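We did not get these values from a lab; they are worked out from the coordinates using the rules stated. Fair warning: this is a prediction, and the values are worked out from it, not measured in the lab. So basically every Cβ, Gly included, is an ideal-geometry build from the backbone, and we count neighbours across all protein chains shown.
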Amino acid sequence: MIRTIDDGLSYLVKVNHASVLDDYLNSAVDMARQYAASTGLCGILVTRHAHDTYTVAVSEAVPFGETRERHDP
């Protein structure tokens with residue numbers, strides 16, 4: 001499941017099976033990248049909250065054109 005949290009800026013990715021994780025994350029990153037490309041100011045931050053829950057967000061903390069990952073403690 002990919003759910004929009006903040007229109008074009010942030011997406012929640014939650015999976016039931018590891019086999020779809022990469023596809024869901026790639027789709028969410030592609031959607032966020034479209035917004036980031038329109039501004040030319042932000043990159044993409046992928047945050048792992050749990051083994052089955054991630055957030056993909058447009059972030060000013062990430063340089064334009066880059067995608068970074070982090071783990072929520």
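Points to keep in mind about this one:
- Legend: Rg and Dmax of the chain, from Cα coordinates, 11.5, 34 Å.
- If R0 equals 25 Å, the separation of the Cβ atoms of His17 and Arg70 corresponds to a calculated FRET efficiency of about 0.60.
- Cα-based helix-to-principal-axis angle, 21-39 vs the chain, degrees rounded to 10: 10
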